There are 4 protein chains.
Amino acid sequence: MAETNGSLTDCACIHGRYNLKFVESHRKSHRSIVRVRYAETDQMGVVYYANYLVWMEVARVEYCQAIGFRYREMEIEDGIFLAVAESHCRYVSPARFDDEVLIQTRVTDVSRRFVSFDYEMSVDGRRVSTGRTRHIFLGRDLRPVRLPDKYLDLFPAPERE
Amino acid sequence: MAETNGSLTDCACIHGRYNLKFVESHRKSHRSIVRVRYAETDQMGVVYYANYLVWMEVARVEYCQAIGFRYREMEIEDGIFLAVAESHCRYVSPARFDDEVLIQTRVTDVSRRFVSFDYEMSVDGRRVSTGRTRHIFLGRDLRPVRLPDKYLDLFPAPERE
Amino acid sequence: MAETNGSLTDCACIHGRYNLKFVESHRKSHRSIVRVRYAETDQMGVVYYANYLVWMEVARVEYCQAIGFRYREMEIEDGIFLAVAESHCRYVSPARFDDEVLIQTRVTDVSRRFVSFDYEMSVDGRRVSTGRTRHIFLGRDLRPVRLPDKYLDLFPAPERE
Amino acid sequence: MAETNGSLTDCACIHGRYNLKFVESHRKSHRSIVRVRYAETDQMGVVYYANYLVWMEVARVEYCQAIGFRYREMEIEDGIFLAVAESHCRYVSPARFDDEVLIQTRVTDVSRRFVSFDYEMSVDGRRVSTGRTRHIFLGRDLRPVRLPDKYLDLFPAPERE
């Protein structure tokens, strides 16, 4: 991929993995943008709370691609799945229909068994939520496996928090 | 299953396949009930239109079980999937959060290759929508297969419309 | 509601608020059951992780009704919304299509400004996940409000953990 | 909007309404792209059928914006909602996780009371589905209203089919 460079540095993806634009921003974080769908709102007039986890997935998949592997291929070719072990989300202020949500994603911890991601979501500079997910690597039988070097080496050394 | 009797006659399922209560109603139709989830509403204050298709799936799975086979087992044991070829829905009046939606499901056409379902959805006697789905049977490779007799025989002869 | 009795004691709701069956179980917890929809699975063959939050909503709404108020009416009549401030979920083992998921819901903390719920989800006695949500009460303008006595009094004194 | 020009001619929107790129293509059709989310797949390994209707919504909203009005503002400022009266979808071949789905959207019929859209969805030139939705304009009370000239005039004269 032209838009990646081995170690993930200061990249930002403006809407979609194939239209990446890189912006100098936060070191080792990745930027994704999702636009709020009508389907994602609820009758409170704001985004339904479970949908933030869907956005985290979108951001996580884009992050993985940005560091050089496509999640889809890892599943198909290596039979390795990134299963969620834990999710956490703080809802700071509401996101609304048609809002453009910027998601900054970082890896905070990675090993052969686990990887953790942090997410910051904002709309026009206003923070809407923060999230964290922790994952384990599973094989096709949904049992834990050790992540091969070829994937592990792609992850940046986690930031110190 | 205690609640089925080979040919599906006049059964109604009140909320959940294991708590079936039978009500004399429409011959060869099956009744399901779903309660509207908050997640299913949108900012118009009514149910988002794609969710009616989810309810049709719930009703269809219950219908299949009521005539004697569990959809899950057909997938796992026989590797046969019921893929949707076509869906249609008319939205007559809105359904809202916490509404109890009655879904009456009928098979309108069935063969070894295809099956079609009709759905009528109502809240307290008020019609909210009507739907229709048409399906083909696929194998694990997602290619068309012919439905084995053991499943085909479970379907009632379709109603004349 | 026939099925409630002021203070919530040992109730269990088997699939749907109108078909409640009470089971002596955990004091001051409420039991809900959801059946896994096909729509809720993903290509890993298990339930997609955001859907557990939808189930927590279903369980929470049922809990609220079981202690004597209907969430829908609080929104419409009093203009009070239960907004999620935080969610957390641990995914212990996978839930699959057609599984019957038992959700045990407790209030762990409640005041005029906040309420927290705990959820335990299991399938046939096997724990699939645990969750926690924290909520604030908002008015129609989405600003915090204090919960009126008539609602606050319905909550049981939280369990000591 | 810089990217629109009164009558909608030959525009294509590559992922997101603010990053529009115009491509000479089908007269009076609009092109949107969505990337398949993991959340949108089901255990058959393909996109769950209700999600095509969500994509149609995304494409419809982008279409509306491309001809010069933002759907969000019509709701907020004029209290006019575009309610779905009917949906139809043919599922031609499966879309899968991470696929880039091109959606071509056209208005096939428009009046002060109704508007109809057609959608063609494809992945790498392979058609995955076709859809059609029909809508009515509603006021805040969810009763039909007549679309004001300022909006009606934005729509192109529908194509003859």
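Miscellaneous remarks
- Using the Cβ-Cβ distance between residue B:111 and residue D:108 with R0 = 35 Å, the FRET efficiency computed as 1/(1 + (r/R0)^6) comes to roughly 0.65.
- Inter-copy spacing of residue C:93 label points, which lie 7 Å from Cα along Cα→Cβ, given in nm from shortest upward: 4.1, 4.4, 4.7
- For the residues of D:30-37, the average number of beta carbons from a partner chain within 10 Å of their own beta carbon is 3.
- Chains B and C, summed buried accessible surface - 1.4 Å probe, Å², nearest 100: 2400
- Prolate is the label for region D:27-161. Its Cα gyration tensor axes, ordered a ≥ b ≥ c, give a/c of at least 1.5 and a/b above b/c.
- Counting heavy atoms of the protein chains alone, residue D:89 has an accessible area of about 0 Å² for a 1.4 Å probe.
- Gyration tensor (alpha-carbon) shape descriptor, region C:30-109, a/c threshold 1.5: prolate
- Shielding score for D:98-106, defined as the mean number of other chain Cβ atoms within 10 Å: 1
- Computed with every protein chain present, the accessible area of residue C:106 is close to 50 Å² [probe 1.4 Å].
- Copies compared at residue A:108 - label distances in nm, ascending, label defined 7 Å from Cα in the Cβ direction: 1.8, 5.0, 5.3
- Partner shielding of C:52-61 amounts to 4, given as the average count of beta-carbon atoms from other chains within 10 Å of each residue beta-carbon.
- Pair residue B:149, residue C:83: separation of 7 Å Cα→Cβ label points (nm): 6.4
- Inter-copy separations for residue C:124, label at 7 Å along Cα-Cβ, nm, ascending: 3.9, 4.1, 5.2
- Heavy atoms of residue D:44 accessible to a 1.4 Å probe, total area in Å² rounded to 10: 30
The values are calculated or read from the model by the stated rules, or taken from the named source; none is laboratory data. Quick caveat, the model's predicted, so the values are computed rather than measured. When we count neighbours, we look across all protein chains shown, and the Cβ atoms used for this are built from the backbone with ideal geometry, even at glycine. Remember, those area values only see protein heavy atoms, side chains included, never the ligands or the DNA or RNA. Shrake-Rupley method; radii C 1.70, N 1.55, O 1.52, S 1.80 Å.
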